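The structure appears below as structure tokens.
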Amino acid sequence: MIKGVTRMACALLATALAACGGGSTGGDVAQATADAVPADPAFVTDNEAWRAQRRERLLQPHGWASLIGLHWIELPAHYVGSGATSGIRLGKGPERMGLLQQQSGKVFLTPEPDAVLTVDGAPAKGRFELLPDVSGTPTLVGFDDGKGQLGLVDRNGRKALRVSHAEAATLTGLGPLDYWPADPSWRIAARFVPHPAGKTIPIMDITSQQAAQPNPGAVEFEHGGNSYRIEALEGEEGGLFLVFADRTSGHDSYAAGRYIYTDAPAADGTVVVDFNRAYNPPCVFTDYATCPLPPPENRLDLAITAGEKKYAKPPT
């Protein structure tokens, strides 16, 4: 089901981009390439280091590329395990892991006697509660001698088990990441325009779930003599999280858009947006992520020929 939803969401986004002039990017990309500013060696080296760190994060045993399952919890109780009789059937792990129960909005797991599990690194002893990812202190259940990991995600009240494994084919067979050449003209000094405190914006994810997300302000910038605006979500340590699509989306870059994190805006409102560090969302690598999609306001009539290109999955 996730694969079908992903294809549908990408198709809808591609259609929207075409409607704003995104159906053909050849001339724009060629012109942007011709206008590229030669990068100094230090700038190139810095970007190469960032790209190496990105790949290292993806290759972590329980990073995004290691996901092997996203199981929505539909009933009050499910048996969990890799066995054929399990209501929630895992791709890897113990044949019978335990009994999952929903009670008064909380989720609990009672391990099977012979299931060797850990809870936040300590041996599991009896029934325990699974705290979700939105709690700030999510419960992590380990199995297969630590190679497997299971956690609870909460998407606007709808809960699922997300499962990762260090032997996932998407991790062990991770292909190369492709980028446009580092170009300092895409490292832009933008302006942060704050919104009133408490403002939110509706964001839909790849599974068609929509939720209101904090929207602290917008980022405005100029490129090629034109002005553009991106509505920002909350980032890390006062920074911003930008979810956007552009005229390369569905062509040279991923159809469902890309992401960028920025540092916190300066006191005068300036904020650097480095499109060289635009990267693909996790759903590029796995069918088991719940990636936020760009809102309509963030679909730009601009070919951003910088950052990470479309990922080519290795043949299986």
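The values are calculated or read from the model by the stated rules, or taken from the named source; none is laboratory data. Computed from a predicted structure; not experimentally measured. A quick note on method: Cβ atoms are made from the backbone with ideal geometry, for glycine too, and the neighbour counts reach across all protein chains shown. Accessible surface areas use protein heavy atoms only, side chains included; no ligands, DNA or RNA. Shrake-Rupley method; radii C 1.70, N 1.55, O 1.52, S 1.80 Å.
Tabulated data
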{"read-out": "Relative contact order of region 132-186, defined on C-alpha pairs under 8 angstrom at six or more residues apart (%)", "value": "23 percent"}
{"read-out": "Accessible-area value, L233, 1.4 Å probe, nucleic acids and ligands omitted, Å²", "value": "20 Å²"}
{"read-out": "Hz values of 3J(HN,Hα) by residue in region 119-132 - Karplus curve (6.51, -1.76, 1.60), Gly and Pro given as x", "value": "10, 6, x, 9, x, 6, 10, x, 5, 9, 8, 9, 7, x"}
{"read-out": "Difference of contour (0.36 nm per residue) and Cα-Cα distance, T137 to R54", "value": "27.5 nm"}
{"read-out": "For the chain, size of Cβ-based charge dipole, Lys and Arg +1, Asp and Glu -1, in debye", "value": "960 debye"}
{"read-out": "Long-range amide H partners of I201 with built H, under 5 Å", "value": "Q213, N215"}
{"read-out": "Rg [Å, one decimal], Dmax [Å, integer] - region 249-300, C-alpha atoms", "value": "13.2, 41"}
{"read-out": "Highest-fluctuation residue, E48, E237, E129 considered, GNM on the chain with Cα pairs under 10 Å", "value": "E237"}
{"read-out": "Rotationally averaged projected area of the chain (alpha carbon convex hull; nm²)", "value": "17.9 nm²"}
{"read-out": "Residue order for R96, R247 - accessible surface, 1.4 angstrom probe, largest first", "value": "R96, R247"}
{"read-out": "Exposure of I188 as accessible area (Å², to 10), given a probe of 1.4 Å and all protein chains", "value": "20 Å²"}
{"read-out": "Placed amide H near A190: partners under 5 Å, 5+ positions off or other chain", "value": "V271, V272, V273"}
{"read-out": "Average projected area [Cα convex hull, region 202-257], square nanometres", "value": "5.0 nm²"}
{"read-out": "Selected from G217, G142, G121 as most flexible by GNM, with the chain as the system and alpha-carbon contacts under 10 Å", "value": "G121"}
{"read-out": "Using distinct alpha-carbon pairs, which all enter the 1/r mean, Kirkwood radius of region 57-102 in Å", "value": "11.6 Å"}
{"read-out": "Mean ellipticity per residue at 222 nm, deg cm²/dmol - from DSSP H runs of n ≥ 4 across the chain, formula -39500 (n - 2.57)", "value": "-4500 deg cm²/dmol"}
{"read-out": "Translational diffusion of region 126-235, µm² s⁻¹ [Kirkwood Rh, Cα pairs; Stokes-Einstein; 37 °C; 0.692 mPa s]", "value": "180 µm²/s"}
{"read-out": "Solvent-accessible ranking of S164, S104, largest area first, probe 1.4 Å", "value": "S104, S164"}
